[in-house]
1. Anything in segment 376-389 that is more than 16 Å from the ligand (Cβ to nearest atom) and surrounded by fewer than 22 Cβ atoms within 10 Å (Cβ to Cβ)? List them, or say none.
2. Based on this model, can you work out whether Gly252 counts as out of contact with any Leu (no Cβ under 8 Å at 6 or more places or on another chain), buried (at least 23 other Cβ atoms within 10 Å of the Cβ) and at pLDDT 95 or above?
3. What number goes with the only condition from (1) outside the structural domain of His87 (by TED's automatic domain parsing); (2) of a type outside the set (Phe, Trp, Tyr); (3) touching a Leu at 6+ places or on another chain (Cβ under 6 Å) that Gln202 does not pass?
4. Considering only residues that are at positive phi and away from the ligand (no atom under 16 Å from the Cβ), which ones fall in segment 137-185?
5. Filtering segment 172-184 down to residues that are surrounded by fewer than 21 Cβ atoms within 10 Å (Cβ to Cβ) and of a type outside the set (Val, Ile, Thr), which residue is modelled with the lowest pLDDT?
6. Looking at segment 342-365, can you tell me whether even one residue there is among the hydrophobic types (A, V, I, L, M, F, W, C), away from the ligand (no atom under 16 Å from the Cβ) and in contact (Cβ under 8 Å) with a residue 40 or more places away in the chain?
7. Just one of Glu144, Glu187, Glu151 is surrounded by fewer than 16 Cβ atoms within 10 Å (Cβ to Cβ) and closer than 19 Å to Pro370 by Cβ; which is it?
8. Considering segment 244-300 alone, what residues qualify as being of a type in the set (Phe, Trp, Tyr) and over 24 Å from Val364 (Cα atoms)?
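The values are calculated or read from the model by the stated rules, or taken from the named source; none is laboratory data. All values reported here derive from a predicted model rather than from experimental measurement. FYI the Cβ positions are ideal-geometry reconstructions off the backbone, even for glycines, and counts take in every protein chain you see.
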Amino acid sequence: MVNVTEPSHFTYKPIPVASNANPLYFEDFGRQVEGFDPSRSTPEQMEEIINMLYKHSILLFKNLKLTPKQQFEMTHAFEPQANNYGHGNNKTGNTKSSILHPDLKTIPHQPQVQLIGNGKVQGVYEGLDSPQLKHPHHKTFHKEIVSDEDEEKGVTRFYRWHIDAALYNLSPPKVTTLYAVKVPAGELQTCRYDDGTGDELQVSLGGTAFVSGKNMFDVLPDELKSLAVRTTVEYAPHPYVWMSKAHAMSTGLGIESEGLEMDLEDLPEWEESKVKKLPMCWKNPVTGSLHLQVHPCGAYKLHIAPEPSAALYPAGGVVTDLKTVRDTLYKIQRPGIAPPLVYSQDWEEGDLVIFHNQGLLHSVMGAFTPDQLRMFHQCNLAASEDPVGPDAEDITKYA
Ligand SMILES: [Fe+2]
């Protein structure tokens, strides 16, 4: 299907959604782009790609040859003022206690681009000497884990639903680019929610799950839409260190409240002015739609604006009890990750995905054996400013 009203440098087709997906949620979400050549791209072509990305949240390119430099340049085109990796450059050497540390290897000649994946790379690769990669496994993060027996049968989980963002000091990147260099073949796996609903998905080995923040907002009942447009989420300082001893829920959509978060005084040095307070809904710069965008693991407090006619929190206030913060977010976000709303990217070598990091949530899935080599290049850049929340019209409409 080619929509003739859309720009014309390239051809756009719907992304291939699996049988779990309800096509209604994918009318606008995701496009496969044909005809793009990164070695010959022009500023006009990139302008079109940028516009299409904001309209469709995910763009998939097949069979690309893409150098780290070209990948950085594509990512950089979304925001020429942004120059540093989303978590700060040269992540490999920093903040050893952060839960993100083992997952990233910085490419020395293009430090905004990270090598991620699984297995040991033989020899020197892009300036890295035999890098050892490790795909995150849910058993290192979830409270309750899949039994060995079920794992043998190919049962997996969403590791962690998230936005790519430091959530402290730096602003969330506008987009992330993910380029598949090496993809091991493997059997289909079953991604199980294990939350009592019986929900599950058939996914390819090491697929990446995506859900639209717009769908996540749109499926909510009116009282939760009202709460969502009135709420600002405050994140913990150094959230990935703060949560480093805590365990996730079986859906990967947030943390179990066991009191295992670090005390703020035990964290690396931090200052109040760098703590992130971000609206719960972020406004799409091209479509004007609201996308429900919360990184549930790092959330610390909710600041709610009053609305006397509202069903929930009419007087507004600040929610500081961590369990209440999490329960509230879970109620708001869980509908948006139901199987009919999930797109799972079934990777092939040469695939490039650009995704709207300020417009969707994503999660890795799958479990690899140590000998299964998987190599991806990932790039995102801390934005020069925080995302914009609902405007006065949105508040009138939804609050
Ligand atoms: Fe990510």
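1. Selection gives Ser384, Glu385, Asp386, Val388, Gly389.
2. Here the answer is yes, as Gly252 does meet what is asked.
3. With respect to (1) outside the structural domain of His87 (by TED's automatic domain parsing); (2) of a type outside the set (Phe, Trp, Tyr); (3) touching a Leu at 6+ places or on another chain (Cβ under 6 Å), Gln202 is out only on (1).
4. Matches in segment 137-185: Gly154, Asn169.
5. Among those residues, the one meeting the criterion is Pro184.
6. no
7. None of the others qualify; the one that does is Glu187.
8. Result: Trp270, single match.
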